Amino acid sequence: MRKSLKKWFLVAISFLLSLCPNFVHAQSYLDQSTMDFYSQNNILFYDPTGGCNPRAVMPVLGKNVTWIGDSYSEGAELDVSGNLISKAFPGVDIGDFDSSVQGNGTQSATSYLKRSKGVSYDAGEDNPGGIKILEKIVNDGELRPYLVFALGANNGITEDEIEKVLNLAGSDTKVVFANFYMTTDDAATQDYIKSSNDALEKALNEHSNMRVADWASIAKPEYYSSDPSGVHPFTGYKEWVNTISKALSSFSGGIGENSDETVGNNQNYAGETVWSEEQLAAINNNKPVYQKAEEQFGIPWQLIATVHRLEGGLTRSNPSNGQGVYQLYTYTAGGTNENAFLPEGPVDDEEFERQTLIVAEQLKAMADSSKSPLDSDDGIKEVLFRFNGKAPEYIDKALALGFTKAQAEVGEGSPYVMNRYDAKRDPNSDSVDPAWLGRYVTDGGYKDDASQYDFGGFVLYKALAGASSDGNVCFSQFVGGNFDLNETAAQIAWPEAEQWNSTSQISPGYAEAIKQTWTSGYELTVAQAGAFNRGDGTMIPVGKSCDNFVGTVVRASGIDPNFPVWLGDQKDYLASSDMWELVEVTDSSQAMPGDIRIENGGGHILMIVEVDGELKVASASSGERFGDISSYYYQPGLTYRLKV
């Protein structure tokens, strides 16, 4: 383990511990003798005062949200999917539904009636219902800190109407608008969709208290296949609500898609800085061009910037080989065909943009033919692997490292993709696996004993993708608030391929989730202490306990922020909660992702998850393991499931 780790202290657990604590005591500080005892051993433990402190994206609580919507909101809440909005945002002020009351234009009266009764709607107004309802809410002094204005599916929304909403809400209110997508062939509808989306994008650049839930880029035609009119995404309401949730969460300390800030998790697993200040300055200079390519081809700008660093050092200059700023070997036939980028030397803005659009088109073609979607980690890895040539030596390397064939195919064995992602793939680490040696040093030239010392493309990408630019953030940080237990557990736990990490160190995502969700009272005291007394004098690192893990997953998902983090409390809570129900599970066929199981006579709690279509167990163990994902097993116990 590297000695330069800045985010964690070394602690000792030299004796066997029981599976999960039933009784705990907080310790408000760690005395010197305890710290001396810990520091002599080699198990990493969560340091609540460490420098890793990203402004992670966290869910906005429903009690802080006013929601004004139209038939989309009605469909999400009532018609098809069943209370998706109020489940995602418990306590949200969305009003009462009554389809017998109709407002002109956006039909906002169908989804916000609590204050709409008595509000007049003048014929001919483009967006009367929503704005007049908002005006009444503001005048009544009942507008909450966050406003979702999900209107315009009928007539769109204009620049003037956007300004009216923002002026009424005031600069202290954070406002999310949803943009539009429909599959209808009606030309007039498609015209107002385009003009509305353009107006929202324009306003976005002028108001710091505004976000746009970018449904237009997320929606899929198949969501609308059940609606002959092509207006309503009957099978996509969950994704629509989740898009709004992410836009809301981008206000809550994290950096969302509307931020001008560039760098995300600017450290790797060992706390080493990934992007230098000079490189970040170059990225900021190039970013408008990267983003234009992203807009045209749908390739994340961070991925384009990553390729630019790997291939061209972020410069705007053609090398002598004719392959251009991005080293497009195949496109230029090694710099020998009519596509070769000549002459050698600096290129102007127009030429740099042309080459950036070309590389984005190449990356899109690779993404389209990949097995993994581009919005997944495996999708990014696979595109980078393909761009570098997908050498069979690197597939063999992944297999030698213990990865599966599927993992090898996405690039887990490629230094170009994964170098310095973890200790066993870090040539600078004493723990590097000997199988990691060997790489291509030239086109077609592989050396068995060669090592790459720069960061791999996936590490570079993760360091840029969607977090803060304060230069002091965790690698693979937690991005919660997705209202999906399965996804949150996957973010927080060590994956099965890296399960070996869980005995010695908490995952960065798990540590960040604790910081963001253990925020008051007794739990805050424990989190600040960094460890707790199991009850027999044994000090347990925070998070290295089954109940801590399950409780943090549930809280961090945003589904149930009040879920306890201590086993005794959890058993009582699950037995009496209106959100959870006891279900009969006698074999694996009856288990479902998100199930919580209490077993071993009430001494252990875990969560069932699904990975690549297979059931797995996400769990931790007192003093033995931080959270990780492992093979599924069935054991009798009490199984609780979220009520539908």
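The values are calculated or read from the model by the stated rules, or taken from the named source; none is laboratory data. Quick caveat, the model's predicted, so the values are computed rather than measured. Neighbour counts are summed over all protein chains in view; Cβ atoms, including those assigned to glycine, are modelled from backbone coordinates with ideal geometry. The area values use the complete protein model at the heavy-atom level, side chains included, leaving out ligands, DNA and RNA. Shrake-Rupley method; radii C 1.70, N 1.55, O 1.52, S 1.80 Å.
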Quick one: which residue in 293, 333, 282, 340 is among the small types (Gly, Ala, Ser), part of a helix (DSSP H, G or I) and at pLDDT 90 or above? 293
Unique match (being more than 21 Å from residue 312 (Cα to Cα), modelled with pLDDT of 85 or more and surrounded by 15 or more Cβ atoms within 10 Å (Cβ to Cβ)) among 401, 460: 401
Is there a residue being under 23 Å from residue 484 (Cα atoms), polar (S, T, N, Q) and in a loop (DSSP other than H, G, I, E, B) anywhere in region 558-580? yes
Might you check whether a residue that is loosely packed, with under 13 Cβ neighbours inside 10 Å and farther than 19 Å from residue 289 by Cα occurs anywhere in region 346-364? no
Within region 622-644, restricting to residues that are in contact with a helix residue (DSSP H, G or I) (Cβ under 6 Å, 6 or more places away or on another chain) and farther than 19 Å from residue 404 by Cβ, the one that is most open to solvent (accessible area, probe 1.4 Å) is 634
Going by what's in this entry, would residue 274 be described as within 20 Å of the chain's Cα centre (by Cα), closer than 20 Å to residue 512 by Cβ and either modelled with pLDDT under 85 or open to solvent by less than 40 Å² (accessible area, probe 1.4 Å) (or both)? yes
Scanning region 518-541 for residues that are under 25 Å from the mean Cα position of the chain (by Cα) and β-branched (Val, Ile, Thr) gives 519
Under 7 Å by Cβ, and 6 or more places apart or on different chains, what pairs join a residue from region 140-163 that is under 11 Å from residue 65 (Cα atoms) with one that is open to solvent by 10 Å² or more (accessible area, probe 1.4 Å) and among the hydroxyl-bearing types (Ser, Thr, Tyr)? 143/173; 145/173; 147/173
Sole miss for residue 224 among (1) under 24 Å from residue 295 (Cβ atoms); (2) open to solvent by 20 Å² or more (accessible area, probe 1.4 Å) is condition (2)
Residue in region 297-317 that is part of a loop (DSSP other than H, G, I, E, B), open to solvent by less than 60 Å² (accessible area, probe 1.4 Å), touching a His at 6+ places or on another chain (Cβ under 8 Å) and closer than 22 Å to residue 414 by Cβ present: yes
Residue pairs, Cβ under 7 Å, 6 or more apart or interchain, first in region 233-252 and at pLDDT 85 or above, second outside any helix (DSSP H, G or I) and of a type outside the set (A, V, I, L, M). List them. 234/226; 234/227; 235/226; 236/220; 237/81; 240/233; 243/214
Which of the residues spanning region 225-241 are of a type in the set (D, E, K, R) and outside any loop (DSSP other than H, G, I, E, B)? 238, 239
Is it the case that region 328-339 has a residue that's surrounded by 22 or more Cβ atoms within 10 Å (Cβ to Cβ), under 23 Å from residue 288 (Cβ atoms) and hydrophobic (A, V, I, L, M, F, W, C)? yes
